Structures are given as C-alpha cells and as structure tokens.
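The values are calculated or read from the model by the stated rules, or taken from the named source; none is laboratory data. Please read all numbers here as calculations on a predicted model, not as lab measurements. All Cβ positions, even for glycine, are placed from backbone atoms using ideal geometry, and neighbour counts span all protein chains on display. In case anyone asks, the SASA skips ligands and DNA or RNA and just uses the protein heavy atoms, side chains included. Shrake-Rupley method; radii C 1.70, N 1.55, O 1.52, S 1.80 Å.
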Amino acid sequence: MEKYSPEWWAYTGSLPVGSRQFYRFGKMWPPRPRPTEPQQTFMQQYHSAHFWPTPYNEMDRNYINTIQEAQIAKGWKNATTLYDYHFNPETHELTKSGREHLLWIMQSAVSHRRAAYVQASTEKYINEQRLTNVNNYVNELAGPASSLAVMLDVTSPMSRPAVEVENYQRVWLENMESPHIPYSLEGSGGE
C-alpha cells in the first residue's frame, strides 16, 4: 500500500485504538494483552480520543442484536412446538391441550414466525401420524388454504407438562405430616 493513499488511510483507521504491546529485553511490554499492529497516525489517535465510542457503538449494537435475534427465534420456536405431551400416547392425535396450543399458534403467533413444530420421535411412523394429525386439524380450522407450516423438530421440552407437576404436588401434599409442636406443662419455669 502506498503511504497516504485512500487504502492506507482506511487500513490505519481500522487499526485498534490505544497503546501497543512490544517486545523488549526478553519480555512483552506491557504484560497484559494489547494490540501489536502499527500505531495509528496522530490524526486518527486524536479522532479516537474525541469521538471514542462512536465508531464502535454500531459494531457493538449489531453484535448484541444478532445474539438477541437468535434468542428470540429460539424462544418462538420453543413456544410454537407441540411436544410429546400434546399428543395421545396411543393414537398420536392431538389432546385438548395440544389443540388449544395449535389454535394459539394460529391466532397469536407473530406472522413472520407463524409455524408449528412437532417434537420428533425416534419412530418414523409416529412422526408421520403426528404430522398428519396436526395438518388435518389445521385444515379443519382454517381450510386447505392455510399457510401454517408444520415441521418436525428434534428437541425436548424445557419443562414438565402440567399434569405431571400436579401429580407430584398431589403426592407431596398427601404424604405431608400435620404440624406437631411439642408441648409440656412440666418445668415451664413460671416462678
């Protein structure tokens, strides 16, 4: 690159801000990690000192927005997934809670994220039955012109179904002993 050419200015302007780490007397100075590229010009150092966060705010904002968008997409995918407990274990048809959840997906999910995911099983015929049942219910509700995509997803639920939690709670309450406070009249020390 020719010095002071537009490419050279662009290159030196893209170098990191701050002091550089250098090798002297068998040691790296300063001992903490620092950039090792050439130092920026005085003009670029002046710009960085006076307008420091401005060029980096946009990069930081884009990085955070990328991570946030990935988390939002994963959350919507989790919210629009029909798990094993949404299906009858024998017939693989949607249960009442599964039908209500699918209706919620069709009515309330954001339009650009409106899709139904079905938790994949290890058995191919179960996956086919579940997908067929979900598609049939979607067609029953919205007609064959429905644009709801139904796809398999290899996942597992992040929580337990409400019926299972209720059963654990019921067993815990049934086996709980009634409170017992020991009481004795002897040696109360009332005098």
Open item on the list: Considering only residues that are charged (D, E, K, R), open to solvent by 80 Å² or more (accessible area, probe 1.4 Å) and part of a helix (DSSP H, G or I), which ones fall in region 155-170?
Closed with: E166, R170
Task: Cross-chain or 6+ apart pairs with Cβ under 6 Å, region 132-146 first and within 15 Å of H101 (Cα to Cα), then open to solvent by 50 Å² or more (accessible area, probe 1.4 Å) and among the acidic types (D, E) - done: N133/E93
TODO: Pairs only if they're at least six apart or on different chains, beta carbon under 7 angstrom, first in region 104-130 and β-branched (V, I, T), second in a strand (DSSP E or B); list them, first residue then second.
DONE: I105/A116; V118/L82; V118/V150; V118/L152; V118/D153
Open item on the list: As an exercise: evaluate T91 against (1) within 21 Å of the chain's Cα centre (by Cα); (2) polar (S, T, N, Q); (3) open to solvent by less than 90 Å² (accessible area, probe 1.4 Å) and give the number of the one condition it does not meet.
Closed with: (1)
- [ ] Report the residue count in region 40-89 for those that are touching a residue at least 24 places away in the same chain (Cβ under 8 Å) and not in a helix (DSSP H, G or I).
- [x] 8
Open item on the list: Only one of L141, L152, L103, L173 is open to solvent by 70 Å² or more (accessible area, probe 1.4 Å), outside any strand (DSSP E or B), at pLDDT 85 or above and in contact with a Leu (Cβ under 9 Å, 6 or more places away or on another chain). Can you tell me which?
Closed with: L141
Task: Filtered residues of region 106-129 (kept if exposed (fewer than 14 other Cβ atoms within 10 Å of the Cβ) and under 16 Å from P157 (Cβ atoms)) - done: T122
